[in-house]
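Student: Questions regarding the structure given below will be posed in turn.
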Amino acid sequence: MKFISHKGESFAAPDNSMAAFRLAIDGNSDGLETDIRITADNEIICFHDDFSGYLTGQNWYIPERTYAELQTLVLNDKEPGHYPAEHIPRLAEVLAMLRPGQLFFIELKGREHRLLPHLKRLLDHAAVDPRQLRFLGFDGILLYKAKQWMPEIKTLWLAGDGNLGPGMPETLELLRLIRADGVDAGCNEPAISRKFIAGLRNAGYEFHVWTVDDIPGAEHFVELGVQSITSNRALMLRDYFRRRPVHAAESTMVAV
């Protein structure tokens, strides 16, 4: 069972900031999650939206801006004065910090297919075991193309807003068509059940869930048999479950 730091430890530090990633890595988080975008000059950066306004005071369209321009923006602090000078990092900077064995979930945003050759070039030169990486995406075509470019890296289809289902056969067929290795589902997906998760895992697919920040919610998904939980407070959840006695049903769960 793994707990993945969503946009780093983003409960405390700005989303997708180096501070958030350092908190996760220094705390020996089981893994990190980030979102990637490509700039006008083909730098791959860690940022959620295609416009910069939600985290900065300047609402620029990221694909039309250079990395140097975006570096002039300061990310909004969660608590004034805690992390006052954080900027948008490049994916390469985060990869360089990753420790052996730590998972790294990388969400491919939107339909930015042009980033794939640049992403492959970056990962080919990164000192990271491909088995540590997962590509995530809502866009099945983008995931399919990512698998074509980088077949050694597992891909997870992101399920949200009720699009998981309507049943096991449909989900299995979708995963087959887009050559995905599993599902990463929003925690409010109504189709999630012990039977659904067991069916996917018995068919050889992974099943993960996002974003859960509270202990009762995490306990629910641990008992259902998910392989990882993505959380803004992953270190807190991991420490809680390390202290808590393991139930017999959980002791048989397979690690990622």
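The values are calculated or read from the model by the stated rules, or taken from the named source; none is laboratory data. Model, not experiment: these values are computed from the prediction. Cβ sites come from the backbone with ideal geometry, for glycine too, and all protein chains shown count toward neighbours.
Each row is one residue, and each column tells you yes or no for (1) at pLDDT 95 or above; (2) under 16 Å from F138 (Cα atoms); (3) under 18 Å from the mean Cα position of the chain (by Cα).
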residue	(1), (2), (3)
L156	yes, yes, yes
P169	no, no, no
D181	yes, yes, yes
Y205	yes, no, yes
H220	yes, no, no
L235	yes, no, yes
F241	yes, no, no
P245	no, no, no
M253	no, no, no
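Student: While we're here: Which residue, of A40, A19, is surrounded by fewer than 24 Cβ atoms within 10 Å (Cβ to Cβ), in contact (Cβ under 8 Å) with a residue 40 or more places away in the chain and small (G, A, S)?
Tutor: Answer to the check: A19.
Student: Need pairs with beta-carbon distance below 8 Å; first residue of a type in the set (V, I, T) and within segment 196-219, second assigned to a helix (DSSP H, G or I); sequence gap 6+ or separate chains.
Tutor: Short answer, once both residue conditions are applied: I197/L224; V209/F221; V212/A218; V212/F221; V212/L237; I215/L237; I215/Y240.
Student: So, one more: Pick out the one residue from A127, A191 that is touching a helix residue (DSSP H, G or I) at 6+ places or on another chain (Cβ under 9 Å), modelled with pLDDT under 95 and within 19 Å of L95 (Cα to Cα).
Tutor: Answer to the selection: A127.
Student: Only one residue in L91, L75 is crowded, with 20+ Cβ neighbours inside 10 Å, more than 15 Å from the chain's Cα centre (by Cα) and touching a residue at least 24 places away in the same chain (Cβ under 8 Å), so which one is that?
Tutor: Every option except L75 fails the conditions.
Student: Given (1) under 17 Å from the mean Cα position of the chain (by Cα); (2) farther than 21 Å from I4 by Cβ, where does H118 come up short, assuming only one miss?
Tutor: (1)
Student: Scan segment 131-138 and tell me whether some residue there is exposed (fewer than 15 other Cβ atoms within 10 Å of the Cβ), under 17 Å from T155 (Cβ atoms) and of a type outside the set (F, W, Y).
Tutor: Yes.
Student: Could we say that Q148 is surrounded by fewer than 21 Cβ atoms within 10 Å (Cβ to Cβ), more than 23 Å from S231 (Cβ to Cβ) and of a type in the set (S, T, N, Q) here?
Tutor: Details: surrounded by fewer than 21 Cβ atoms within 10 Å (Cβ to Cβ): yes; more than 23 Å from S231 (Cβ to Cβ): yes; of a type in the set (S, T, N, Q): yes.
Considered against the rule, which asks whether it is surrounded by fewer than 21 Cβ atoms within 10 Å (Cβ to Cβ), more than 23 Å from S231 (Cβ to Cβ) and of a type in the set (S, T, N, Q), Q148 comes out as yes.
Student: Something else: Being among the aliphatic types (A, V, I, L, M) and more than 19 Å from I4 (Cβ to Cβ) is the filter here; which residues of segment 69-95 pass it?
Tutor: Within segment 69-95, L70, L73, V74, L75, A85, I88, A92 qualify.
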